[in-house]
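Accompanying notes for the structure given below.
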Amino acid sequence: MNAAKTASVIVALFTALTLAHAAFVDYRSGASDARAEAKQLNQMQYLQTRKFGIEWHSFLGECFRGKTRLAWTGSGMCAGVYELLVQMRGGPTRARILALLAEPKNKLQLANELGIDWKAVDRHVEKMREFGLVQVAAIAGTCTVYVVTEKGKRALALASDCQKG
């Protein structure tokens, strides 16, 4: 009985020391070559920099007010389309997909041309279908071909204007 308690205490101490040591040591790969300025950012920004290999940046046109709102609502777009193409992290990829869909393509063709995973293209296309930016052009067996709608063309033009300045 006494040996069991001793073993339990030893395991608990070992676990506590290991966790305390792990809190002070960064075991992530490449942590030693992380940029000094990135470490000064708050923790979330630092992790985003490490995960995506890019500097933290704010998206252009972050607020849906004033001239931006007037331009988008005047073209029949809602704030959701603005967020989808300009504010969200996948916005630039969605804009590239819309540009590629000027000619009818399936999701595999889009994935190959963009150099990203097919499932990511699938999620982007489905999200844009919800907002009416993309529509089904043809279905042949399991292959679905998509094309950009007129609303999608207007949204792409507005998004490119936002990125220009």
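The values are calculated or read from the model by the stated rules, or taken from the named source; none is laboratory data. Here the structure is a predicted model, which is why all the values come from computation and not from measurement. Please note: Cβ atoms are built from the backbone with ideal geometry, for glycine as well, and neighbour counts cover all protein chains shown.
For first residues located in the range 104-116 and part of a helix (DSSP H, G or I), partners that are among the acidic types (Asp, Glu) and lie 6+ apart or on another chain with Cβ distances below 7 Å form the pairs 107/122; 111/117.
Matching residues to (1) under 18 Å from the mean Cα position of the chain (by Cα); (2) modelled with pLDDT of 90 or more:
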site: 114; (1), (2): yes, no
site: 122; (1), (2): yes, yes
site: 126; (1), (2): yes, yes
site: 135; (1), (2): no, yes
site: 145; (1), (2): no, yes
site: 148; (1), (2): no, yes
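Of the residues making up the range 92-103, those that are outside any helix (DSSP H, G or I) and farther than 12 Å from residue 125 by Cβ number 2.
In the range 66-91, the qualifying residues are those that are among the small types (Gly, Ala, Ser) and assigned to a helix (DSSP H, G or I), and the one that is surrounded by the most Cβ atoms within 10 Å (Cβ to Cβ) is 91. Residues that are in contact with a helix residue (DSSP H, G or I) (Cβ under 6 Å, 6 or more places away or on another chain), among the hydrophobic types (A, V, I, L, M, F, W, C) and within 26 Å of residue 69 (Cα to Cα) do occur in the range 134-152, at least one of them. Of all residues in the range 117-142, those satisfying the criterion of being outside any helix (DSSP H, G or I) and of a type in the set (Gly, Ala, Ser) are 132, 137, 138, 140, 141.
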